[in-house]
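A short write-up of the structure that comes next.
The values are calculated or read from the model by the stated rules, or taken from the named source; none is laboratory data. Owing to the predicted nature of the structure, the values given are computational and were not obtained by experimental measurement. Backbone-built Cβ (ideal geometry, glycine too); neighbour counts: all protein chains shown. The protein model used for the area step is the full one, side chains on, heavy atoms only, and it has no ligands, DNA or RNA in it. Shrake-Rupley method; radii C 1.70, N 1.55, O 1.52, S 1.80 Å.
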Amino acid sequence: MKKYLKTVLMFILVLSMTFSLVGCGNEQEEEGQRYAWPLATCSTTDTITHVFATNFAEQVDKLSDGKMKIQVYPQSALGGDRELMESVKDGDIPFVVMSPAPQVSFMPQLCVFDSPCLFSNIEQARAAYNGDEFMDAVKGIYDNAGYTLLGLADQGFRVMSSNDSFEDMSFFKGQKIRTMENTYHIQFWKAVGASPTPMSFSEVYIGLQQGTIDAQENAYTLIQSAKLYEQQKYIVETNAVPDYITLVASSDFMKERTEEEQAIINEAAAIAQQAACDAADSAEQTCKEQLIEDGMIIQQIDEENWKEMQKCSEPVYENIKKVTGDTLFNLYAGEAK
C-alpha cells in the first residue's frame, strides 16, 4: 500500500509540475513554485475538515501573492489516516488535515484529547486547547515525532443519536453504540453502561439500518451529511468529547522553507483555524434546525446526569494520565474547573 501511495504521489507531483510549466512563463517559474504542494484529508467536501484545508490553501496563496500553491486532495484520494501520517513523516506529503484520534498510535500522549466529559461547553474546550502552555506542550509532542502542528480546530462536540429517548443513566445500558477504534472512547462508553462497537464510519448507516448497532456519536455536521436522521429518532447531547481537527505538516518540509515562507504558512494556519471554528458554529446551528425539520428530537442532559457521567469517566482519566502524565492532563482539564 505504501509503495502504491508513493507511486500515486509521484504521478501527482509530475502532473502538477507539467501543468505549471505549461501555464507559466520563465519569470513566474523563477519566482514561484514549480508545482502545488499536496494537502490530503480523508473527509468529504461538505465537512469542516475541508473548510479548514481549503481555507488554509487559499490563505497561503493570498498571503504569498500567488507564489505559494497548495492543492487539496479530499476523500482519502491519497490514502487513509495511517498512510497519510506515514507519508507526512516521510516527507512524501507536506500537509494533512485530520482528527487527532488516529494520530494516537503515532503519538500516544495525544490521548489527552480523548478525555471524556471535561467541558460543559465548547468555549471551555477552546480555551483549553488554545492555552499557551498546553499548546506548547502539544506542539512539542508533534515535533518529537517528526511533525509540525500548524493548527487545531474543532467542529463542536460529538453527540449521540439513538432511537431511544434519554431519561436517565439507564438510557445507556446495553445500547450497541458505534465508536471509532479508540481505546479511551471504548472505555468511556463501557463505563456508562453502553456496549461500544468499533466500526468504520462508512458502515454506520447500513449498520443502523440492519440493526447491527443501535446508536452512534458524531458531530452534528456528520450526522446531517450522512443522513442518519433517516435511521435515528433522537439526538442526545452527550457532549463527551469535542470533535477536533488538526493541521499537520512534515517537519522536514517546514525546515526546508525560508523564514518568509514559514511566516506565511503559520499566519495562513491561524486564519484557517479560526475560519474552521466559525464555520463549525454556524454549521451546527443550521444542522440542528434541519435535523428537527427532518423529524429528529434533540435532548440535553441535565446537570445531575452529567455529573454522573463525569464520575463514570474518572477511571478513564486515570488511564489517560498514565500515558500523558499529570502535567499535560491538568493543563488541558484546567479550564473545566
Pairs with Cβ under 7 Å, 6+ apart, first in the stretch 202-228 and exposed (fewer than 15 other Cβ atoms within 10 Å of the Cβ), second outside any helix (DSSP H, G or I): GLN209/GLN231
Among (1) more than 24 Å from SER99 (Cα to Cα); (2) in contact with a helix residue (DSSP H, G or I) (Cβ under 6 Å, 6 or more places away or on another chain), the one test that GLU259 misses: (2)
Test: residue in the stretch 231-253 that is of a type in the set (Phe, Trp, Tyr), assigned to a strand (DSSP E or B), out of contact with any Gly (no Cβ under 9 Å at 6 or more places or on another chain) and under 20 Å from THR179 (Cβ atoms): yes
GLY295, sole failed condition from (1) part of a helix (DSSP H, G or I); (2) out of contact with any Ser or Thr (no Cβ under 9 Å at 6 or more places or on another chain): (1)
Subset of the stretch 170-201 (residues that are touching a residue at least 24 places away in the same chain (Cβ under 8 Å), among the hydrophobic types (A, V, I, L, M, F, W, C) and either open to solvent by 40 Å² or more (accessible area, probe 1.4 Å) or in a loop (DSSP other than H, G, I, E, B) (or both)): MET180, ALA191, VAL192, PHE201
